[in-house]
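Any read-out appearing in this document is the output of simple, stated calculations on the displayed coordinates, not a laboratory observation. Source: prediction; values computed, not measured. Don't worry about glycine lacking a Cβ; one is built from the backbone with ideal geometry, like all the others, and counts go over all protein chains shown.
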Amino acid sequence: MKVDCLVAEIGSTTTVVNAFNLKEKIEFLGRGMHQTTVESDVNIGLKHAIEDLKGSLGVEELSYDELFASSSAAGGLKITVHGLVYEMTAKAAKEAALNAGANIHLITANLLEAEHINQIKKIHPNIIIIAGGTDYGEKEIAYQNLLMVLPLNIPIIYTGNIANHERIKKMNHSLIRIVENVYPRVDDFNILPLRKAIYETFEENIVHAKGMQHIFSMVNGSIIPTPGAVMDATLMLDELFDGVITLDVGGATTDVHSVCETKAIYQKYSDGEPRFKRTVEGDLGVYINRRHVLNTLRPEDFRLIMDMKQEDIDLLVEKEPFIPISKAGIKLNQILTKTCVNLALDRHIGDLRRVFTTNGFKVIPDGKDTSLVKAIFLTGGALLYVEQPEKIIQDYLEKRHNKLIPSKDVKIYRDYDYIFASIGVLSHKYPEQSKILLKQTIRIEGDLNDA
């Protein structure tokens, strides 16, 4: 069997390979899976996943023109961010890194100290981002920070004051990449150039990650971070819907991606909030972090819902696999997923706060305004396999009157084929075909106005 392309999603535990036709007929064909062999060579797990794909397709032979990949293996994309003022340049660089799919392990503001350098050494990030200073404003802090991290022999992206460009270029150092200032003017987030540079640096240096040494012997297309690929799909959905949220609930983390404008009456309060935002809740997952999630609930309420003794609940939490196999496990997964959704949205979406002024109490917005979001998309293994995931979202919207939430009438769609990340990867080379695949996986035909 001949297909146009494969997209591999190489995770820390599982490698998934999705097959697509993109030329004569645009379609998702099927998937294969295998445990990621990150401790030895990820190509081994990748080959086994392709063998599993053959079984899913019912064929003995499989050929393809292109193989793309996204990866969160070997700890994912680890980044440290260093700016001048936390709420300005450091925050802008942080938002760009999150949107590119990074796991941010350290953020600092002002001049780096010896303690910070020691922390960076222990983290050993894939990329160090140096920001600081609006264009032609303060320039020395960013420059000195660059000099301090240079001996660490880690790829650096400089995205600070443009006034430093010439003296950095004179260094002619192979590990330094210079891009436009991520914060060129006050309250101006210039995220896209840094985001693109993170992708390029990630792909150039991914071979240094443990278990990734020989990945390019199989992959002949691009490799980007998996969470960044989901954001790429979300950005395409925004082009179609004009205001979107994507919720990705997994076994270890819950990611929320939003792309939307701020409502006009709130705009004067929205300085510092980017149009597109990603938050990663590393403590919210339905498998690896299930005990932490359950600790956010009242034990007596949980026992009542489950209608089980505490010792039986403890055994269930310990033994039930990621994909539940018992009725009690299905109920547990439902509760875990709903809790992850509620907490992750609470942390991502801004609040309506009552404040006292000289003219009495006023209600003002604080944080990300998602009230103009027109569609919410559900992906990730947890959300796609619970009962009535749309109702989880509807229940949330009905109860959060103090949040800057979308309308209760917002449209809710599922990523039925579970291919958002693959579509995000494909969008870099096949944007129009990717849009068609997006409509297929959320089960929309024809004009979106009819949906």
- Among beta bridges assigned by DSSP with both residues in segment 77-205, the antiparallel ones amount in percent, to the nearest 5, to 0 percent
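Going by a ≥ b ≥ c, the root eigenvalues of the Cα gyration tensor, does segment 316-451 fall in the rounded group (a/c under 1.5), the prolate group (a/b larger than b/c) or the oblate group?
Working: a/c = 2.35, a/b = 1.25, b/c = 1.88.
Oblate.
Taking 8 Å as the Cα distance limit and 6 or more residues as the minimum spacing, I'd like the relative contact order of the chain as a percentage.
Working: 942 pairs, mean separation 63.2, N = 451.
Computed value for the chain: 14 percent relative contact order.
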- Message: So if I place +1 on the C-beta of Lys and Arg and -1 on the C-beta of Asp and Glu, and nothing else carries charge, what would the dipole magnitude of the chain be about its Cα centre? I want it in debye, nearest 20.
- Response: 800 debye
- Message: Restricting things to Cα coordinates, could you compute the convex hull volume per residue of segment 225-450 in Å³?
- Response: 142 Å³
